[in-house]
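A short worksheet on the structure shown next.
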Amino acid sequence: MDRGLFITFEGIDGCGKSTQIGLLTDWLEKRKADFVLVREPGGTPVGEKIRTILLDKENDGMSPVAELLLFEAARAQIVSERIRPALCEGRYVICDRFFDSTYAYQGVARNLGTDLVNGLNRMAAGGLEPDLTFFLDISVDESFKRRRSRAIEDDRIELLGRDFQNKVRGGYLEAAKASQRIKTVDASGTPEEIFNIIKGYITERE
């Protein structure tokens, strides 16, 4: 590849992103592929500090606009510092969430408007878009069932409840209808079944 392949994973909380990212990185390692794994928000020293602010439950008074701009600030940093350089070196970049999250969470669920969010996404990413995005789709009921089984305390955004998560899922479905790069994957199957679908899309794109 002259330019690396940029792959992102999206979905509501508990959809299985971490599991699928783990299976993908294992597969790439077996193929001796050169890749970078990053997450949003975070992935850089600046981004990780922003992540702490965004997810801290003590910051429950944060305004939706402040939240949006913090996500975009972290994104601008990771694109310039990590993602774009890795792609220019011909490496795969695997990112746990990218700007489709902002579309769904802030644009739709926070009702800030998708036109506004799309414009800020383009600015923060410098026009960069993923080559492939996997939206792992599960119901909100299944999301809450999975989250209850985890021995992990919910962060500020995860605590926003079912209605909010339903709006987020609707935002993802809306984004997926508008973009061919977003592949909607039924995430109710086994991890292996889901990964076989993901692997097929990546093989087609390479």
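The values are calculated or read from the model by the stated rules, or taken from the named source; none is laboratory data. All figures in this text were calculated on a predicted structure; none of them were measured in a lab. Using ideal geometry, Cβ is built from the backbone for each residue, glycine included, and neighbour counts are taken over all protein chains shown. All accessible areas refer to the heavy atoms of the entire protein, side chains included, with ligands and DNA or RNA removed. Shrake-Rupley method; radii C 1.70, N 1.55, O 1.52, S 1.80 Å.
Would you mind stating whether LEU87 is open to solvent by 40 Å² or more (accessible area, probe 1.4 Å), part of a helix (DSSP H, G or I) and either at pLDDT 95 or above or among the polar types (S, T, N, Q) (or both)?
No: the conditions fail for LEU87.
Checking the structure you have, find out if any residue of the stretch 126-134 is over 19 Å from the mean Cα position of the chain (by Cα) and modelled with pLDDT of 90 or more.
no
Can you tell which of VAL93, VAL38 is surrounded by 19 or more Cβ atoms within 10 Å (Cβ to Cβ), of a type outside the set (S, T, N, Q), touching a helix residue (DSSP H, G or I) at 6+ places or on another chain (Cβ under 6 Å) and in contact (Cβ under 8 Å) with a residue 60 or more places away in the chain?
After applying the criteria, what remains is VAL93.
For the stretch 162-195, enumerate the residues that are open to solvent by less than 70 Å² (accessible area, probe 1.4 Å) and more than 19 Å from the chain's Cα centre (by Cα).
GLY189, THR190 - these are the residues of the stretch 162-195 that are open to solvent by less than 70 Å² (accessible area, probe 1.4 Å) and more than 19 Å from the chain's Cα centre (by Cα).
Among the residues of the stretch 97-120, count how many are more than 10 Å from the chain's Cα centre (by Cα) and among the acidic types (Asp, Glu).
Qualifying residue count, the stretch 97-120: 1.
Out of all the residues in the stretch 1-14, is one or more closer than 24 Å to ASP186 by Cα, at pLDDT 95 or above and among the acidic types (Asp, Glu)?
Yes - at least one qualifying residue is present in the stretch 1-14.
Name every residue in the stretch 94-137 that is under 30 Å from LEU159 (Cβ atoms) and of a type in the set (A, V, I, L, M), in order of residue number.
Correct list: ILE94, ALA104, VAL108, ALA109, LEU112, LEU116, VAL117, LEU120, MET123, ALA124, ALA125, LEU136.
Please go through the stretch 97-130 and pick out each residue that is touching a strand residue (DSSP E or B) at 6+ places or on another chain (Cβ under 8 Å), open to solvent by 30 Å² or more (accessible area, probe 1.4 Å) and at negative phi.
Hit for the stretch 97-130 is GLU129, nothing else.
Residues in the stretch 14-24: is at least one of a type outside the set (Phe, Trp, Tyr), free of Cβ contacts under 8 Å to residues at least 60 places away in the same chain, surrounded by 19 or more Cβ atoms within 10 Å (Cβ to Cβ) and within 18 Å of TYR103 (Cα to Cα)?
Scanning the stretch 14-24 turns up no residue that is of a type outside the set (Phe, Trp, Tyr), free of Cβ contacts under 8 Å to residues at least 60 places away in the same chain, surrounded by 19 or more Cβ atoms within 10 Å (Cβ to Cβ) and within 18 Å of TYR103 (Cα to Cα).
Within the group LEU55, LEU69, which residue is open to solvent by 60 Å² or more (accessible area, probe 1.4 Å) and within 17 Å of the chain's Cα centre (by Cα)?
Unique residue meeting the criteria: LEU69.
Testing ILE198 on (1) outside any loop (DSSP other than H, G, I, E, B); (2) open to solvent by less than 80 Å² (accessible area, probe 1.4 Å); (3) free of Cβ contacts under 8 Å to residues at least 60 places away in the same chain, one condition comes back false. Which one is that?
All conditions pass for ILE198, except number (3).
Report, by residue number, each residue of the stretch 4-23 that is of a type in the set (S, T, N, Q) and in contact with a helix residue (DSSP H, G or I) (Cβ under 9 Å, 6 or more places away or on another chain).
THR8, THR19, GLN20
Touching a Cys at 6+ places or on another chain (Cβ under 9 Å) and not acidic (Asp, Glu): does that describe SER143?
The answer is yes for SER143.
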